[in-house]
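In what follows, a single structure is set out as structure tokens and then discussed.
The values are calculated or read from the model by the stated rules, or taken from the named source; none is laboratory data. Predicted model, so just to flag it, every value in this text is computed and none were measured. When we count neighbours, we look across all protein chains shown, and the Cβ atoms used for this are built from the backbone with ideal geometry, even at glycine. Please note that ligands, DNA and RNA were not included when accessible areas were found on the heavy atoms of the full protein model with its side chains. Shrake-Rupley method; radii C 1.70, N 1.55, O 1.52, S 1.80 Å.
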Amino acid sequence: MSDDRILISGGGIGGLSAALGLARQGIRSLVLERASELGEIGAGIQLGPNAFHAFDYLGIGEAARSAAVYVDKLLLMDAMSAEEICSIPLDGPFRERFGNPYAVVHRGELHGVMLRGCQENPLIELHTDSEVIGYTHSENGVEASLANGSRLRGRALIGADGLWSKVRQQMVGDGMPRVTGHTTYRSVIPYDQMPEDLRFNAATLWAGPKCHLVHYPLSGWKMFNLVVTYHNHAPEPVAGAPVSHEEVMQGFEHIHPRAQQIIKIGKDWKKWVLCDREPVMEWTDGAVALLGDAAHPMMQYLAQGACMAMEDSVILSVECGQTPDDLPGALRRYQDRRRLRTARIQLQAREVGDHIYHPTGAHAALRNQIMRAKTPSQWYDVIDWIYAAEDVVSVTQTAERSSVNA
């Protein structure tokens, strides 16, 4: 009775979106989450138009739109002079160009939207306290080994278990993630504590020497998300460790007081030492495939980690739906369609961090000059490769036409 389902390791945004996508194709799945309850750690994430294309396909478009805050622009500030470098308007021309808006959302609220979608779908089963630690191929699919000693069978296994994926460890065997030396500190600021002159309706980034700050409104303007990053050559991975205010300020003592004041009002700071991995060309093994951060973990500098996981889920589910009797073939086609796009995001995110957000001196002055000179239309051309998401748009439009014809 259970062998006809696809097993999904990980109940985060990637795992739940994979389950929703497979259900769209009439395919049963079992999501296996290692934690004792399903939830997300962290605060805000940014959603490009490509995320909204995926939401619509996954059947949660309306709910996701209701949870989001729609910012007016992407704003880049100079953290040393407190002057605006440039801004990219996200108004009508942007939406017309890319077919959807740009927004920000609390990670927990978005995960909640996806979780409710899964709980309401009879094709999706959710198990907690169920960490997948390995797999073996069976005659008709895959058998997953769990940390509690149990074994579960399925037609396929999707490793959506993040940066430290046990499924990837067995499949790819590339060891520890690459430690980037960039340390990110996160806080959430109540709306009324944010300086009034900085309550921008924008995804705002302050770029400075070896550091940057990001802030934007969340949860119906009840709070501001604050993320500050310092390239301090941290040698070891850290995830969500509480830190003192004094430690956070050490990396930002050299920036303009106007930018500093945002950090000074932050509370309950937690830190992450950013890690990624080298892109790989193979992330399938028969009826086993990786998805999201398990397949292509990336730095945060293009704000595309969650978006790529959702794009993965759309393409994976479409391929599985096209050949449900040949899931290894479907998973390989999914991999082939996704690997170069995600590799480009991985590598470009590194470049943006080093050469756009963190330079100093002449390098920073040249950045400012070049970026100020661009018109909105020119900016749209620059970012088109990220947000146009032609593969996902094509799938979504085909699905919409099929629904109309039906």
Cα lying deepest toward the dipole's positive end in region 259-322, options A287, Q304, I262, charges on Cβ:
I262
Probe 1.4 Å, protein heavy atoms only - accessible area per residue of the chain in square angstrom:
41
Taking the mean number of other Cβ atoms within 10 Å as a proxy for protection, how do you rank 267-279, 68-80 from highest to lowest?
68-80, 267-279
Candidates T229, T396, T323: whichever shows maximal mean-square fluctuation once the chain is modelled as a Gaussian network with Cα springs under 10 Å:
T323
Dividing the surface of the Cα convex hull of region 1-104 by four yields a projected area in nm² of 9.5
Between 0 and 90 degrees, rounded to the nearest ten: what's the tilt of helix 390-405 against the longest Cα principal axis of the chain?
60
Counting only Cα, what are the radius of gyration and maximum Cα-Cα distance Dmax of the chain, in Å?
21.1, 66
Quick one: length gained pulling A147 to K374 fully straight, 0.36 nm per residue minus the C-alpha distance?
76.4 nm
Under a straight-distance cross-link criterion of Cα-Cα below 19 Å, which aspartates and glutamates are reachable from K210, leaving out those fewer than 8 residues away in the same chain?
D78, E83, E84, E236, E246, E247, E253, D276, E351, D354
For the chain, find the longest principal axis of its Cα atoms and tell me its angle to the long axis of helix 107-119, 0 to 90°, nearest 10.
20
Tell me, what is the FRET efficiency for M80 and L347 to the nearest 0.05, using R0 = 30 angstrom and their Cβ-Cβ distance as r?
0.65
If you take every residue apart from R277 with its C-beta less than 10 Å away from the C-beta of R277, what net charge results, scoring Lys and Arg +1 and Asp and Glu -1?
-2
Residues of type lysines that K166 reaches as a straight line, Cα spacing below 29 Å, ignoring anything fewer than 8 places off in the same chain
K270, K271
Ranked highest first by average number of other Cβ atoms within 10 Å, how do 233-239, 217-223 line up?
217-223, 233-239
Between 0 and 90 degrees, rounded to the nearest ten: what's the tilt of helix 361-372 against the longest Cα principal axis of the chain?
70
Most to least packed among 357-369, 121-133, 329-341, 304-316 [average Cβ atoms within 10 Å]
304-316, 329-341, 121-133, 357-369
For region 228-345, just the Cα atoms, rotate onto the principal axes and tell me the three extents in Å, largest first.
60, 26, 24
